[in-house]
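The values are calculated or read from the model by the stated rules, or taken from the named source; none is laboratory data. Here the structure is a predicted model, which is why all the values come from computation and not from measurement. Cβ coordinates were reconstructed from backbone atoms using ideal geometry, including for glycine residues, and neighbour counts include every protein chain displayed. For accessibility, only protein heavy atoms count, side chains too; no ligands or nucleic acids. Shrake-Rupley method; radii C 1.70, N 1.55, O 1.52, S 1.80 Å.
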Amino acid sequence: MLGIILGLIVLMVLAFMGWSIIWVAPIAAGIVALTGGLDLLEAYTDTYMSGFVGFAKQWFPVFMLSAIFGKLMADTGMAKSIAIKLANLIGTKRAILGVLLAAAVLTYGGISLFVVVFAIYPLAISLFREANISRKLLPATIALGAFTFTMTALPGTPQIQNLIPIPYFETDAMAAPIMGIAAAIVMAGGGYYYLIWRQKQLTARGEVFVEPKDKTVFEVDGDMPIIWLSLLPLITVIATLNLLKWDIVISLLAGNLLILLLNIHKFKGFSNSINEGAVSSVTAIINTSAAVGFGTVVQAVPGFDRLTNMLLGIPGNPLISEAVAVNMLAGATGSASGGMGIALEALGPKYYEIALNMGISPEAFHRIASLASGGLDALPHNGAVLTVLTITGMTHKDSYKDIAVVAVIIPIIATAVAIALAAMGIY
C-alpha cells in the first residue's frame, strides 16, 4: 500500500510541476508495479495498456464528437449568439450574472468547457468594462458557469464528468436528480453571492475595470445566427439524450449534423472546424486514458485490498469514502475526468456491490462520483484553470483565490449536501 501512496505522490507532484500526465502516469504506475511485486514490463504493456485502451475504446467517440460540436458552435457564431442574447436580456448592471448564465447554458448544452472559455471571454470583458468591474473576477465568473454545477451537478448534462459513472452503476445522465439539483443550487447560488460580495469589496478599495495589456479580443458582433436557431443544437443533444434516451454518441452526432444544416452557407469552413475539434479531442482522451491506466495497475497489486478496506472503513455513509477517493484523485491528477476514471476503474465495481447490498440507490453513487470529481480538480495546476487565466490575461496571484472559492470550496460543500440528502433516502 505504501507503493500505491508513493505512486500517487509522484503523480501529484509531477502534475503540479506541469509535466504531462501522458508520460507521468506510466512512471507512477511503474512505481506501484515495482513495489507491488509485479513484473515491470508486463505491468506496462499488459495491465496499464489494458486500462488505457479500454477507456479510449469506450469514450473516444464521445470526446471527439463533443470537441467537434463545441468547435462548430464557436466557429459558426452560434455560441456567441447565445451568450450575447442572454447577456443583453440580463443587462450590464448584472454583468457577473450575465457571464455566469451564458457560460452555464453553453456548458449544459454540451459544449466543452475549454471552448466555452474562448467563446465567453469577448462578451465577458465587454460587460465587465461597461459595469466597471475589476477583471480579477473574470476567471472565477467564467469558472463558476463552466467548471462547476453544469459540469457535475445538473441532471442530464452531457458533459463527460456526468457520463463516465454510467457503465459502473448502470445509470443514465439523469441519475439522482434531487441530489444534483440541490448541489447545483448550492454551487450556483453560493458562488454568485460570493462574487457579488467580492465585487463590492474590490470596488470599495478602488479596484475597478482596467483595460488589459493584450488588446487582442475577438469581436462581439459580426455574422451570427439568430438565437433560436443557435439554441436548437443544444436542445437537440439534451432532449435526445435524456428524453429519447439515445446513446450520447447518437445525440452528439445529431447535434453536429444540425449545426451543419443550419449553417450550410458557411460550408467552406466546416472542414477546418471539424479537423481542429477532432485533433483537440485526441489530447483530452489520451490524458484521461493515461490516468485510468494508472488506476488499473493500482487495482492489480496486493496492496489495493488494504487501500480499499481503508477507504471503505471511513466512518459513516459509503458515499463519503467514494467522495474522498474521487476528490483526492481528481486533485492529484488535476483532472475531474482523470481522477474519477482512476477511482471508478479501481473501486467502481465495489461501490456498485455496496449499493446493492446496503439498499442505497446506485444513482446516488453516480451523482456523488460526478460531484466529487469537480472539487479538488480545480487546484492551481488544472488545465482548465490555466486556460481561463491565460485567456483572461490574469495570474494565479490576481484571481486564483476567487477560483478556489467558487470551483473548489463551494463544490465540496455541495457534495456534502448531496450526501446528506442521500443519507435521508432522497435521491
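Which Cα, out of A239, G334, V385, lies furthest along the positive dipole direction of the chain (beta carbon charges, K/R +1, D/E -1)?
V385
When the scattering of the stretch 125-211 is computed by the Debye formula from its Cα atoms alone, each counted once and equally, what is log10 I(q)/I(0) at q = 0.18, 0.22 Å⁻¹?
So the normalised log intensities are -0.78, -0.97.
What residue among A28, G189, F52 has its Cα farthest toward the positive end of the dipole of the chain, where the charges are +1 on Lys, Arg and -1 on Asp, Glu, each on the Cβ?
My answer, from the dipole projection, is G189.
Rank T45, T152 by accessible area, highest first, at a 1.4 Å probe radius?
Order by accessible area, largest first: T45, T152.
Could you give the angle, 0 to 90 degrees to the nearest 10, between helix 227-242's Cα long axis and the longest principal axis of the Cα atoms of the chain?
Between helix and principal axis, roughly 20 degrees.
Which FRET efficiency, nearest 0.05, do E170 and I409 yield, Cβ-Cβ r, R0 51 Å?
My answer for the efficiency is 0.95.
One-quarter of the Cα convex hull surface for the stretch 327-426, in nm²?
That works out to 6.4 nm².
Would you calculate the separation in nanometres between label points at D247 and Y193, each defined as 7 Å from the Cα along the Cα-to-beta-carbon direction?
Rounded to a tenth, the inter-label distance reads 4.5 nm.
Between the stretch 1-38 and the stretch 335-404, how far is it from one alpha carbon centroid to the other, in angstrom?
Taking the Cα centre of each part, the stretch 1-38 and the stretch 335-404 sit 19 Å apart.
Sort F118, F365 by heavy-atom solvent-accessible area, probe 1.4 angstrom, most to least.
Ranked list, largest accessible area first: F118, F365.
Taking 51 Å as R0, compute the FRET efficiency from the Cβ-Cβ separation of I227 and S20 and round it to 0.05.
My answer for the efficiency is 0.85.
Treat every Asp and Glu Cβ in the stretch 246-359 as -1 and every Lys and Arg Cβ as +1, leave all other atoms uncharged, and give the resulting dipole magnitude about the Cα centre to the nearest 20 debye.
Roughly 280 debye for the stretch 246-359.
Take the Cβ-Cβ distance between T387 and I178 as r, set R0 to 22 Å, and report the resulting FRET efficiency rounded to the nearest 0.05.
Once the sixth-power term is evaluated, E becomes 0.10.
What's the ranking of 85-94, 267-276, 119-128, 292-301 by average number of surrounding C-beta atoms within 10 Å, highest first?
292-301, 119-128, 85-94, 267-276
By how many degrees, 0 to 90 and rounded to 10, does the Cα axis of helix 21-35 deviate from the longest principal axis of the chain?
Its long axis makes an angle of about 20 degrees.
Counting pairs of alpha carbon atoms under 8 Å apart in space and at least six apart in sequence, what relative contact order in percent does the stretch 238-349 give?
23
Subtract the Cα-Cα distance of F60 and H265 from 0.36 nm times their separation in residues, and report this length gain in nm to one decimal.
Full-extension gain reported as 70.8 nm.
Going 7 Å from the Cα of A239 along its beta-carbon direction, which residues of the stretch 59-76 have the amide nitrogen within less than 20 Å of the resulting point?
69-70, 73
Before rounding to the nearest 500, sum -39500 (n - 2.57) across all DSSP H runs of length at least 4 in the chain and divide by the residue total; then give [θ] at 222 nm in deg cm²/dmol.
Roughly -23500 deg cm²/dmol at 222 nm, from the helical runs in the chain.
If you rank M340, M358, M224 by how much accessible surface each has, with a 1.4 Å probe, what is the order from largest down?
Descending order: M358, M224, M340.
Using Cα pairs closer than 8 Å and at least 6 residues apart in sequence, work out the relative contact order for the chain, in percent.
Across the chain, relative contact order equals 27 percent.
In the stretch 302-338, which residues have a backbone nitrogen under 14 Å from the label point lying 7 Å from E42's Cα in the Cα-to-Cβ direction?
What the label zone holds, given the 14 Å backbone N cut-off, is 302.
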